[in-house]
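The values are calculated or read from the model by the stated rules, or taken from the named source; none is laboratory data. Source: prediction; values computed, not measured. Here the Cβ is made from the backbone with ideal geometry for all residues, glycine too, and neighbour counts use every protein chain on show. Heads up: the accessible areas ignore ligands, DNA and RNA and are worked out on the full protein's heavy atoms, side chains in. Shrake-Rupley method; radii C 1.70, N 1.55, O 1.52, S 1.80 Å.
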Amino acid sequence: MGLKRFTNWYFTLMLAMSSLLVSCQKDTGDQQVDQKKMALGADSVIKATSPDNFLATEGTLTITMQDSVYTFDAAKDSVAFVNMSVGDNRYFGITAINKAHTLSFGVSSKGAAADSLTKPVAGGQLLMIADVMHTKQFTLTQYAEPGDSGKIKLDKYRQNDVLAKGTFFTFLSKDDEPNSSLYRVEGTFDLKLKKQ
């Protein structure tokens, strides 16, 4: 159980770090030249971590939890599709942070990304930051049985200008306790790469 918890924690941390590395890409000024330079720099940083990591330039990631809907717009927020290895295990996932840095989300699965693929969720986190003193954190519970954490469905992956398109659902808890309430989180993503 300790290794599973460490792996989930480590991968969630890596997703968050990837998101933070690219978040400044969307915070540039109004000048188009500066935006392009920052985008190239962010792409370089994320690709230096892994050549299979991609920053979306268009499209949306939409998350629904209870009665709330949260949307990340890749044109202004930082949304990335990441692939990484932890030891001998490969993982893929989506990580996002909004321009205001008040909302971030990440969801991952074990394995390699591909078209027409459905895999169990291996990690997930939703952070809502109203201010320094008021933060809500929801994470994938360590107490779920294997296969009970939800699914990520990739309909398309790296086809033409499509980075990733699909859906997911998972269950996140506010506290890391055995009897914590679980919240069903559903989402859709339709992300695009830079036009070549």
Problem set entry | When residues of the range 80-93 are limited to those that are under 22 Å from residue 173 (Cα atoms) and not small (Gly, Ala, Ser), the one surrounded by the fewest Cβ atoms within 10 Å (Cβ to Cβ) | 91
Exercise. Could we say that residue 93 is farther than 17 Å from residue 54 by Cα, not in a loop (DSSP other than H, G, I, E, B) and not hydrophobic (A, V, I, L, M, F, W, C) here?
Worked result: no
Exercise. How many residues does the range 146-169 hold that are over 17 Å from residue 63 (Cβ atoms), assigned to a strand (DSSP E or B) and open to solvent by less than 50 Å² (accessible area, probe 1.4 Å)?
Worked result: 3
Exercise. Are any of the residues in the range 170-188 of a type in the set (Asp, Glu), in a strand (DSSP E or B) and open to solvent by 20 Å² or more (accessible area, probe 1.4 Å)?
Worked result: yes
For this session: Report, ordered by the first and then the second residue, all pairs with beta carbons closer than 7 Å, sequence separation of six or more or different chains, a first member in the range 156-170 that is in contact (Cβ under 8 Å) with a residue 24 or more places away in the chain, and a second member that is open to solvent by 60 Å² or more (accessible area, probe 1.4 Å) and among the hydroxyl-bearing types (Ser, Thr, Tyr).
Result: none
Problem set entry | Residue in the range 65-76 that is surrounded by the fewest Cβ atoms within 10 Å (Cβ to Cβ), counting only those that are within 14 Å of the chain's Cα centre (by Cα) and under 20 Å from residue 136 (Cα atoms) | 71
Problem set entry | Selection status of residue 29, assigned to a helix (DSSP H, G or I), surrounded by fewer than 18 Cβ atoms within 10 Å (Cβ to Cβ) and modelled with pLDDT under 95 | no
For this session: Give the range 62-96 a look and list any residue that's β-branched (Val, Ile, Thr) and touching a helix residue (DSSP H, G or I) at 6+ places or on another chain (Cβ under 9 Å), or say none.
Result: 79, 82, 86, 94, 95
Seminar exercise, completed: With the first residue restricted to the range 98-123 and required to be over 24 Å from residue 141 (Cα atoms) and small (Gly, Ala, Ser), and the second required to be assigned to a strand (DSSP E or B) and open to solvent by 50 Å² or more (accessible area, probe 1.4 Å), Cβ contacts under 8 Å at 6 or more apart or on different chains are 116/155
Exercise. Has the range 107-117 got any residue that is β-branched (Val, Ile, Thr), at pLDDT 90 or above, in a strand (DSSP E or B) and more than 14 Å from residue 168 (Cα to Cα)?
Worked result: no
For this session: May I ask you to say which residue of 96, 130, 112, 122 is touching a strand residue (DSSP E or B) at 6+ places or on another chain (Cβ under 6 Å) and either loosely packed, with under 15 Cβ neighbours inside 10 Å or among the aromatic types (Phe, Trp, Tyr) (or both)?
Result: 112
